[in-house]
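Following: one structure in structure tokens, then a few remarks.
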Amino acid sequence: APAPPAPDEVITAAGKHVIVIGGGDTGADCVAHAHREGAASVTQIELVGEPPRNRPDDRTPWPRWPVKLRTSYALEEGGERDFAISTTGLSGVDGEVREIHWVKNTGEPPFAPIPDTEEARPAELVLLAMGFLHPEQELLEAVGVNRDPRGNVKAGAYATSVEGIFAAGDARRGQSLIVWAINEGRQCARVVDRYLSHQTPRDPREELAVGSSLRAGSSEAGADPPLKATYAGGDGLSG
Ligand SMILES: Cc1cc2nc3c(=O)[nH]c(=O)nc-3n(C[C@H](O)[C@H](O)[C@H](O)COP(=O)(O)OP(=O)(O)OC[C@H]3O[C@@H](n4cnc5c(N)ncnc54)[C@H](O)[C@@H]3O)c2cc1C
């Protein structure tokens, strides 16, 4: 087993002024974890302006997901948050961050800075929770698999463009949810099993349909088109 990291290599919030950049769910988990580790203070900042407290019916009428102010479980435990903040820099000593610099913005694209609102705050640990871009590209480039325009692995029915390499979950569909990762992992395993046992490729959802009327590709299967099953092509089911 690899040796545990040296104490000065461990990233911890203990005793530190923590800044979380990003006001979404990942940011909320960062806030909660910083509390657990005993941070001196936790501040969560968001680029976009503060949403209204009640559903704005003109902007998000029912049944659309209402854009309104929500307070995460994490902030109920403590910490501060602020909206309409553009980070302008980090400064520190000997490679260690000490302060974050920011300016208030208009709260809406293009987030123009508001003059004379520059501020610096103590920041000894800065956590970036600004959204998932795509899987790390280095490995994908090294193995030469095709990617979609967002930088995710192009692997329609889990087979990538390189025979024998398969992808599932966030790496294939982009930022998503645990239930999708579990579902894709299982379906991908079926595809890999057929590949390794030299069987012809098949839509992995057919296995799920045994004994039910929901055969993939049938009219009952709803809007899901049949997967184009192949072991090297990368097309088929889109995320
Ligand atoms: C902070 C946060 C909170 C979330 N909260 C929720 C939630 O509440 N509910 C929910 O449904 N979803 C949540 N999600 C999303 C959910 O975690 C993901 O959709 C899910 O974990 C994706 O599973 P996965 O197996 O595709 O990828 P991952 O869980 O990311 O697993 C990929 C694995 O591959 C490993 N890896 C990377 N590169 C290599 C390599 N070169 N060689 C070997 N291994 C490698 C990584 O270390 C990692 O263990 C959250 C995500 C984040 C980041």
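Being more than 19 Å from the chain's Cα centre (by Cα), part of a helix (DSSP H, G or I) and at pLDDT below 70 narrows it down to one of L208, L227, L214, so name that one.
L208
Name the one entry in P51, P2, P109, P63 that is within 16 Å of the ligand (Cβ to nearest atom) and outside any helix (DSSP H, G or I).
P2
Restricting attention to region 112-120, does a residue exist that is within 23 Å of the chain's Cα centre (by Cα), open to solvent by less than 100 Å² (accessible area, probe 1.4 Å) and under 26 Å from L69 (Cα atoms)?
No, that holds for no residue.
Within the set of pairs 6+ apart or on separate chains, which have a first residue in region 180-201 that is open to solvent by 40 Å² or more (accessible area, probe 1.4 Å) and within 16 Å of the ligand (Cβ to nearest atom), a second that is assigned to a loop (DSSP other than H, G, I, E, B) and modelled with pLDDT of 95 or more, and C-beta atoms under 6 Å apart?
A181/G169
Which residue is least open to solvent (accessible area, probe 1.4 Å), if the candidates are limited to region 8-32 and must be more than 15 Å from the ligand (Cβ to nearest atom) and charged (D, E, K, R)?
It comes out as K16.
For region 165-179, name all the residues that are under 15 Å from A232 (Cα atoms), free of Cβ contacts under 8 Å to residues at least 40 places away in the same chain and open to solvent by less than 40 Å² (accessible area, probe 1.4 Å).
A167, A168
Working carefully through the options E99, E141, find the one that is at negative phi, out of contact with any Cys (no Cβ under 6 Å at 6 or more places or on another chain), open to solvent by less than 80 Å² (accessible area, probe 1.4 Å) and not in a loop (DSSP other than H, G, I, E, B).
Being at negative phi, out of contact with any Cys (no Cβ under 6 Å at 6 or more places or on another chain), open to solvent by less than 80 Å² (accessible area, probe 1.4 Å) and not in a loop (DSSP other than H, G, I, E, B) holds for just one of E99, E141, which is E99.
Only one of A28, A39, A14, A32 is without any contact (Cβ under 8 Å) to a residue 40 or more places away in the chain and assigned by TED's automatic domain parsing to the domain that holds E80. Can you tell me which?
Every option except A14 fails the conditions.
So for region 33-40 (the condition being crowded, with 17+ Cβ neighbours inside 10 Å, part of a strand (DSSP E or B) and within 22 Å of the chain's Cα centre (by Cα)), does at least one residue qualify?
There is no residue in region 33-40 that is crowded, with 17+ Cβ neighbours inside 10 Å, part of a strand (DSSP E or B) and within 22 Å of the chain's Cα centre (by Cα).
The values are calculated or read from the model by the stated rules, or taken from the named source; none is laboratory data. Note that the coordinates shown come from a computational prediction; the quantities given were computed from them, not determined experimentally. Because the Cβ atoms are built from the backbone with ideal geometry, glycine has one as well, and the counts that use them run over all protein chains shown. Note: areas computed on protein heavy atoms with side chains; ligands, DNA, RNA excluded. Shrake-Rupley method; radii C 1.70, N 1.55, O 1.52, S 1.80 Å.
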